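S.K.: Questions regarding the structure given below will be posed in turn.
The values are calculated or read from the model by the stated rules, or taken from the named source; none is laboratory data. Since we're looking at a predicted model, the values are computed, not measured. Note that each Cβ is placed from the backbone with ideal geometry, even for glycine, and that neighbours are counted across all protein chains shown.
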Amino acid sequence: MKKISLKQLIEKSSHWWVWLILCLALFLGLFIRLYDLDDLPLDFHPTRQLHSLIIARGMYYQNLDDAPSWQREFAITEWQEEDQIEPPIMESLVASGYRLVGQEDLRLPRILAISLWMIGGLGLFLLIFDMLGFAGAAIGLVYYLLIPYGITASRSFQPEPLMIASLIWAWWAIWRWKTNPSWKWTIVAGLLTGFAILVKSPAIFFLLPVWMTLVLSTNSLIQAFKNVKIWVIVLFAALPTLAYTVYGLFIDGFLGSQFSLRFFPNLWTDFFYYRRWKDLIDNTMTLELFLLGALGAFLIKEKTTRKMVISMWFGYVLYGLVFAYHIHSHDYYHLPQIPVVAIGLASLVTFLTAHLEERKGVIKAIICGIVLVWILANFTTVYLNLRDANYRSEGVFWKSLGDKVRGSSVISMTQDYGFRLSYWGWVNTTHWMSSYDFEYRELAGNVVDREALFGETIKGMDYFLITAFGELEKQPYVKDTLVNNYEVLDSSSDFVIFDLNARLEAQSD
């Protein structure tokens, strides 16, 4: 296939059907992400988003001298008590945005995440265009922009949008290095690889196999070992994360507890693990399109490019085995695979249009029709979901609860580990673990005496706040102890507050 430039492509009228798809995808992909922008960020993994919001707020209040002293102290304390795994890059950017506009504006984190996802889309388009041509690049970008799960996830304030964008641009730089291994692209590819891994270390599973494949495809192991440029790439790729890890483990110590409860090889022999993995693939990427993307990877004509893309799939499998628990319990762990599937689908479309020359017009019309229906169906689905979801009242509710218990020591059984009460209610609580948390620890081999832990935890506390009633039903010992021994301070259909200093009269003796 003869390569053409983007300028030549714009002037080619025969690609009108691809331009139609591409323009529609870009317009609808951006529109649906900006729709309902000011709703509270509780539609997608609120625990993870609130974690980042608390950090960003603390950074903002650190220099907010005109804030009430108790709020400023609370915001900074909550920020500093949050666990930190990745560098708080997005949180720092959002805090800077707050300072620019002069207030906390929850639209800013969402706009940042959307912008990063769209920037990643540009990199993906350029990468696929160089690899497979214009039609493939358009199809890949359509999938990336309008897969429903990706739309929702790309509005989420967590490191993933930045990781995906940096991962894609690192692939693009690696591709450039493959075609032109000059010092310029050596440095650029090394720096972008290092940045992607620094943003979130699991990115290494999608980058290291690619590098190893390309290097060993053109060099023997001995030649690679003697190549100064490869050592420069290794240095740039490894140094940022290595420095961050050394600082976090041995100097500041904040990473000391972050490597426990991560590795579960016992799940590899569990059939449920693979079934759940398959279910999350279907929920996040659509199983049929995932499989077609895998097929497309093997249909890439150019040998080194094919190996490069297949190595991305290998990285995903290895990533899922290493993070065995998270890959079958946390759907957003599948996000890095979305652009990989997009590349595979792009390859499949390129293959079809190239190998069915005698019916090229019919094939183009069929592909165009299918893609347009898919775009409109996904857009409508996400639009209706966003229109029907409304979380604006949540902030008022949690503020009112905070006003009821502020100044007291509180243990809570609430949504998102107490983060909603912390963020909107300005109250820190001791969160009682959910049944899921107990099961997670027991799966890792940690035996927990739940009753003894409960008795120890409530000792000296003033109130037990419950809003997660479903969770209360899963822990009958906690329910029976509270209901049979302590008076209710306040309650409604949405919450109940037990007064741990007021025992029922029948139990007072």
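S.K.: Go through Ile375, Ile363, Ile338 for me and flag whichever is under 18 Å from Val210 (Cα atoms) and either at pLDDT 95 or above or not charged (D, E, K, R) (or both).
M.R.: Numbers: Ile375 fails: under 18 Å from Val210 (Cα atoms); Ile363 fails: under 18 Å from Val210 (Cα atoms).
Exactly one residue qualifies, and that residue is Ile338.
S.K.: Condition check: more than 27 Å from Tyr35 (Cβ to Cβ) and among the small types (Gly, Ala, Ser). Does Gly102 satisfy that? Spell out how you get there, then give the answer.
M.R.: Details: more than 27 Å from Tyr35 (Cβ to Cβ): no; among the small types (Gly, Ala, Ser): yes.
No; evaluated as a whole, the condition is false for this residue.
S.K.: Consider the stretch 166-201. How many of its residues are farther than 22 Å from Leu93 by Cα and not basic (Lys, Arg)? Show your work before the answer.
M.R.: Within the stretch 166-201, the first condition is being farther than 22 Å from Leu93 by Cα, and the residues that meet it are 171-190.
Subsequent filtering for residues that are not basic (Lys, Arg) retains 171-175, 177, 179-183, 185-190.
Adding up the residues that qualify gives 17.
S.K.: Of the conditions (1) within 29 Å of the chain's Cα centre (by Cα); (2) in a loop (DSSP other than H, G, I, E, B); (3) buried (at least 17 other Cβ atoms within 10 Å of the Cβ), Ser408 satisfies every one except a single condition; which number is it?
M.R.: Against the list (1) within 29 Å of the chain's Cα centre (by Cα); (2) in a loop (DSSP other than H, G, I, E, B); (3) buried (at least 17 other Cβ atoms within 10 Å of the Cβ), Ser408 comes up short only on (1).
S.K.: Here's a follow-up. Read through the list (1) surrounded by fewer than 18 Cβ atoms within 10 Å (Cβ to Cβ); (2) outside any strand (DSSP E or B); (3) in contact with a Phe, Trp or Tyr (Cβ under 9 Å, 6 or more places away or on another chain); (4) free of Cβ contacts under 8 Å to residues at least 60 places away in the same chain, then give the number of the only condition that Tyr440 fails.
M.R.: Checking Tyr440 against (1) surrounded by fewer than 18 Cβ atoms within 10 Å (Cβ to Cβ); (2) outside any strand (DSSP E or B); (3) in contact with a Phe, Trp or Tyr (Cβ under 9 Å, 6 or more places away or on another chain); (4) free of Cβ contacts under 8 Å to residues at least 60 places away in the same chain, the one that fails is (4).
S.K.: Which pairs have Cβ atoms under 8 Å, sit 6 or more apart or on different chains, and link a residue in the stretch 270-285 that is farther than 18 Å from Tyr144 by Cβ to one that is part of a helix (DSSP H, G or I) and basic (Lys, Arg)?
M.R.: none
S.K.: Being of a type in the set (Phe, Trp, Tyr) and within 22 Å of Ser422 (Cβ to Cβ) narrows it down to one residue among Phe157, Phe129; which is it?
M.R.: Numbers: Phe129 fails: within 22 Å of Ser422 (Cβ to Cβ).
Testing whether each residue is of a type in the set (Phe, Trp, Tyr) and within 22 Å of Ser422 (Cβ to Cβ) leaves just Phe157.
S.K.: Scan the stretch 153-162 residue by residue and report those that are in contact with a Phe, Trp or Tyr (Cβ under 6 Å, 6 or more places away or on another chain) and either under 18 Å from Cys23 (Cβ atoms) or outside any helix (DSSP H, G or I) (or both).
M.R.: Ser154, Ser156
S.K.: Might you check whether a residue that is in contact with a Phe, Trp or Tyr (Cβ under 8 Å, 6 or more places away or on another chain), in contact (Cβ under 8 Å) with a residue 40 or more places away in the chain and on the phi > 0 side of the Ramachandran plot occurs anywhere in the stretch 478-489?
M.R.: no
S.K.: Further question: How many residues are hydroxyl-bearing (Ser, Thr, Tyr) and under 30 Å from His334 (Cβ atoms) if we restrict to the stretch 45-74?
M.R.: At the first step, the residues of the stretch 45-74 found to be hydroxyl-bearing (Ser, Thr, Tyr) are 47, 52, 60-61, 69.
Still in the running and under 30 Å from His334 (Cβ atoms): 47, 52.
Of the residues in the stretch 45-74, 2 are hydroxyl-bearing (Ser, Thr, Tyr) and under 30 Å from His334 (Cβ atoms).
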